[in-house]
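Have a look at the structure below, then the notes.
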Amino acid sequence: VQLVESGGGLVQPGGSLRLSCAASGIIFRIYAMGWYRQAPGKQRELVAVITSGSTTNYVDSVKGRFTISRDNGKNTVYLQMNSLKPEDTAVYYCHADYRGNDYWGQGTQVTVSS
(Lines give C-alpha, C1' and ligand atoms only; values in the text may rest on other atoms or scores of the structure.)
Protein backbone atom coordinates (compact mmCIF):
# COMPACT_ATOMS: atom_id res chain seq x y z
CA VAL A 1 0.00 0.00 0.00
CA GLN A 2 1.27 3.45 -0.87
CA LEU A 3 -0.13 6.89 -0.22
CA VAL A 4 1.94 9.53 -1.97
CA GLU A 5 1.29 13.18 -1.19
CA SER A 6 2.29 16.09 -3.39
CA GLY A 7 1.59 19.78 -3.77
CA GLY A 8 3.12 21.21 -0.63
CA GLY A 9 5.41 24.19 -0.61
CA LEU A 10 5.95 27.76 0.48
CA VAL A 11 3.10 30.22 0.02
CA GLN A 12 2.38 33.73 1.23
CA PRO A 13 -0.46 34.41 3.66
CA GLY A 14 -3.73 34.60 1.76
CA GLY A 15 -2.45 32.29 -0.94
CA SER A 16 -3.65 28.87 -2.07
CA LEU A 17 -2.27 25.38 -2.48
CA ARG A 18 -3.78 22.11 -3.59
CA LEU A 19 -2.50 18.92 -2.04
CA SER A 20 -2.92 15.58 -3.77
CA CYS A 21 -2.64 12.07 -2.41
CA ALA A 22 -2.40 9.19 -4.85
CA ALA A 23 -3.23 5.79 -3.40
CA SER A 24 -2.21 2.37 -4.63
CA GLY A 25 -2.63 -1.12 -3.27
CA ILE A 26 -6.07 -0.51 -1.77
CA ILE A 27 -9.63 -0.55 -3.06
CA PHE A 28 -9.69 3.21 -2.90
CA ARG A 29 -13.42 3.74 -3.30
CA ILE A 30 -14.30 1.94 -0.06
CA TYR A 31 -11.84 3.87 2.11
CA ALA A 32 -12.52 6.99 4.09
CA MET A 33 -9.74 9.42 3.24
CA GLY A 34 -8.43 12.16 5.45
CA TRP A 35 -5.85 14.87 5.72
CA TYR A 36 -4.05 15.42 9.00
CA ARG A 37 -1.41 17.95 9.91
CA GLN A 38 1.30 18.27 12.49
CA ALA A 39 3.01 21.51 13.36
CA PRO A 40 6.32 21.59 15.26
CA GLY A 41 5.76 20.85 18.93
CA LYS A 42 2.10 20.03 18.43
CA GLN A 43 0.06 16.88 18.17
CA ARG A 44 -1.15 15.62 14.83
CA GLU A 45 -4.70 16.82 14.16
CA LEU A 46 -7.39 15.84 11.73
CA VAL A 47 -7.97 18.60 9.18
CA ALA A 48 -10.58 17.10 6.88
CA VAL A 49 -12.13 13.77 6.05
CA ILE A 50 -14.20 12.44 3.18
CA THR A 51 -16.08 9.17 3.49
CA SER A 52 -16.55 6.55 0.80
CA GLY A 53 -19.92 8.17 0.20
CA SER A 54 -18.27 11.60 -0.16
CA THR A 55 -19.57 13.04 3.08
CA THR A 56 -17.08 15.61 4.31
CA ASN A 57 -16.10 17.03 7.67
CA TYR A 58 -13.60 19.68 8.69
CA VAL A 59 -11.89 20.97 11.77
CA ASP A 60 -13.40 24.33 12.70
CA SER A 61 -10.21 26.27 12.00
CA VAL A 62 -10.31 25.45 8.26
CA LYS A 63 -14.05 25.52 7.56
CA GLY A 64 -14.81 27.81 4.65
CA ARG A 65 -11.17 27.85 3.53
CA PHE A 66 -10.28 24.21 2.79
CA THR A 67 -12.11 21.72 0.59
CA ILE A 68 -11.50 17.99 0.50
CA SER A 69 -12.52 15.98 -2.54
CA ARG A 70 -11.84 12.61 -4.10
CA ASP A 71 -11.60 11.12 -7.57
CA ASN A 72 -12.21 7.38 -7.32
CA GLY A 73 -11.26 6.93 -10.97
CA LYS A 74 -7.79 8.29 -10.22
CA ASN A 75 -7.48 6.81 -6.70
CA THR A 76 -6.67 10.32 -5.51
CA VAL A 77 -7.84 12.60 -2.73
CA TYR A 78 -7.30 16.34 -2.80
CA LEU A 79 -7.17 19.16 -0.31
CA GLN A 80 -7.75 22.60 -1.77
CA MET A 81 -6.46 25.18 0.68
CA ASN A 82 -7.41 28.82 0.22
CA SER A 83 -6.83 31.93 2.32
CA LEU A 84 -3.87 30.27 3.96
CA LYS A 85 -2.64 31.58 7.28
CA PRO A 86 0.73 31.23 9.02
CA GLU A 87 -0.93 28.93 11.55
CA ASP A 88 -1.66 26.48 8.73
CA THR A 89 2.06 25.77 8.53
CA ALA A 90 2.60 22.07 9.18
CA VAL A 91 3.43 18.74 7.64
CA TYR A 92 0.26 17.45 6.01
CA TYR A 93 -0.39 13.72 5.96
CA CYS A 94 -2.80 11.68 3.91
CA HIS A 95 -4.67 8.91 5.72
CA ALA A 96 -6.79 6.02 4.49
CA ASP A 97 -9.13 4.06 6.76
CA TYR A 98 -11.48 1.16 6.23
CA ARG A 99 -12.96 -0.41 9.36
CA GLY A 100 -9.81 0.18 11.37
CA ASN A 101 -7.38 -0.90 8.68
CA ASP A 102 -5.50 2.31 8.09
CA TYR A 103 -2.49 3.67 6.23
CA TRP A 104 -0.46 6.88 6.22
CA GLY A 105 1.44 8.82 3.63
CA GLN A 106 4.90 10.20 4.21
CA GLY A 107 3.74 13.80 4.55
CA THR A 108 4.25 17.01 2.63
CA GLN A 109 5.42 20.30 4.11
CA VAL A 110 3.21 23.37 3.84
CA THR A 111 4.78 26.64 4.93
CA VAL A 112 2.77 29.86 5.01
CA SER A 113 5.05 32.83 5.39
CA SER A 114 5.77 36.22 3.91
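The values are calculated or read from the model by the stated rules, or taken from the named source; none is laboratory data. Keep in mind it's a predicted model, so treat the numbers as computed, not measured. Protein only, heavy atoms only, side chains kept; ligands, DNA and RNA dropped before computing areas. Shrake-Rupley method; radii C 1.70, N 1.55, O 1.52, S 1.80 Å.
What a 1.4 Å probe finds exposed on the chain is 45% carbon and sulfur by accessible area, rounded to a whole percent.
Connecting C-alpha atoms closer than 10 Å in a GNM of the chain, tell me which of Gly15, Gly34, Gly25 has the biggest fluctuation. For the chain, modelled as a Gaussian network with Cα springs under 10 Å, the answer is Gly25.
With the cut-off at 23 Å, report for the chain the share of all Cα pairs above it, as a whole percent. In whole percent, the long-distance tail amounts to 22. Estimated at the nearest 10 Å², the accessible area of Arg44 is 90 Å² with a 1.4 Å probe.
Note that the stretch 63-73 has calculated 3J(HN,Hα) couplings of 4, x, 10, 10, 9, 9, 8, 9, 10, 5, x Hz, one per residue in order, obtained from phi through the Karplus relation 6.51 cos²θ - 1.76 cosθ + 1.60 (θ = phi - 60°); glycine and proline are x. Principal axis analysis of the Cα atoms in the stretch 48-114 yields extents of 39, 25, 22 Å, listed in decreasing size.
For the stretch 17-26, the Karplus equation 6.51 cos²θ - 1.76 cosθ + 1.60, evaluated at θ = phi - 60°, returns couplings of 9, 10, 8, 10, 9, 9, 9, 9, x, 10 Hz by residue, with Gly and Pro reported as x.
Probing with 1.4 Å while keeping every protein chain in the model, the per residue accessible area of the chain equals 52 Å².
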